[in-house]
Amino acid sequence: MTPRLDAPLRGYWDFLRDRTELRDIDGWVEVTTPFVDRHNDQIQLYVREEDGRYLLTDDSATIQDLRHSGRDLKSKRRQEILRLTLSGFGVGLDGDALAVHARTADFPIKKHNLIQAILAVNDLFHIATPAVSNLFWEDVAEWLRGADIRFIERVRFGVRSGFDHIFDFAIPASRQAPLRVVEAISRPTRSAAQNLAFAWLETQETRGADGKAFAMLNDTEMQPAGDVIEALRAYDVQPVLWSERESVRPALAA
């Protein structure tokens, strides 16, 4: 492991282990994770064994929460966005439940992917109000195209821990610049910043430290707090306010 990344990565793994709680409930195991949703509540998963495999589900909590908040996901376009979001993590729908099956060998990876899918679907909150016509990542994609910046959407990188990390956009290396990844963070919270920071740390540890990461922070509805900016900068992720996106056009277009 690269010495520069050793301490923060070990700290992250300790954080995941120490803040995960298990509880038996009527044949299911309730898993309380250290990751938080848009209400700042800890995300919970439910697991049970079925014919030598494991079913992992959010018990419909994610989509039902959106509905209870007045977030209608019935339109064809929004259903397609939901499907594409989940398929990127290998997660399916069972009614309203986000679910995935796993075997013992790939259980940690499937659990990780389900949590990432829940976090991603949480961001669909922002397609709720009639005034919002696009997801934030669609706005970022449109700006990248308009700025004549070449990119690939939804890029998956495998890392040594066995997990996969999916970034919204990747800009291939050129003669002038290394690989760059761009993450569209529609709700710039500290939790979202930490998730991106540690995903990028693990990716760097596997692929080398030459790449660069940029976090596009949606400041149209809320101004990112100082601790969000600090958390990103501490792990070599460059925060970019959406209102100041033109400042990084040269770095992304190189």
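Bear in mind these aren't lab numbers, they're just calculated from the coordinates by the rules spelled out. Nothing here was measured: the structure is a model prediction, and the numbers come from that model. A quick note on method: Cβ atoms are made from the backbone with ideal geometry, for glycine too, and the neighbour counts reach across all protein chains shown.
Ordering 239-245, 35-41, 21-27 by mean Cβ neighbour count within 10 Å, with the highest value first, yields 239-245, 35-41, 21-27.
In this simple spin-label approximation, Lys76 and Arg207 carry label points 7 Å from Cα along the Cα→Cβ vector, and these lie 3.6 nm apart. Run through the DSSP bridge list for the chain and note the antiparallel percent, rounded to the nearest 5. So the antiparallel bridges in the chain amount to around 75 percent.
Select from region 42-92 those trypsin sites (Lys or Arg not before Pro) which occupy a DSSP coil region and have at most 15 other Cβ atoms within 10 Å, ordered by residue number.
Lys74
Assuming charge only on the beta carbon of Lys and Arg (+1) and of Asp and Glu (-1), the dipole of the chain about its Cα centre is about 760 debye to the nearest 20. Both the radius of gyration and Dmax for the chain are 18.3, 58 Å, in that order, over alpha-carbon atoms. Helices in the chain, meaning DSSP H runs of at least 4 residues, each add -39500 (n - 2.57). Divided by all residues, the mean residue ellipticity at 222 nm is -11500 deg cm²/dmol.
For region 136-254, the Kirkwood hydrodynamic radius comes to 14.3 Å, computed from all pairs of different C-alpha atoms. With neighbour counts taken as other beta-carbon atoms within 10 Å, the residues Ile166, Ile152 rank, fewest first, as Ile152, Ile166.
Applying the criteria of a DSSP loop state and at most 11 other Cβ atoms within 10 Å to the trypsin sites (Lys or Arg not before Pro) of region 172-241 yields Arg175. Listed by chain and number, the aspartates and glutamates whose alpha-carbon sits under 12 Å from that of Lys110, ignoring those within fewer than 8 places in the same chain, are Asp164. Compactness of region 35-154 is given as radius of gyration and Dmax, 15.7, 52 Å, from Cα positions.
If R0 is 51 Å, what FRET efficiency do you get for Arg233 and Asp51 from their C-beta distance, rounded to 0.05? FRET efficiency, Arg233 to Asp51: 0.60.
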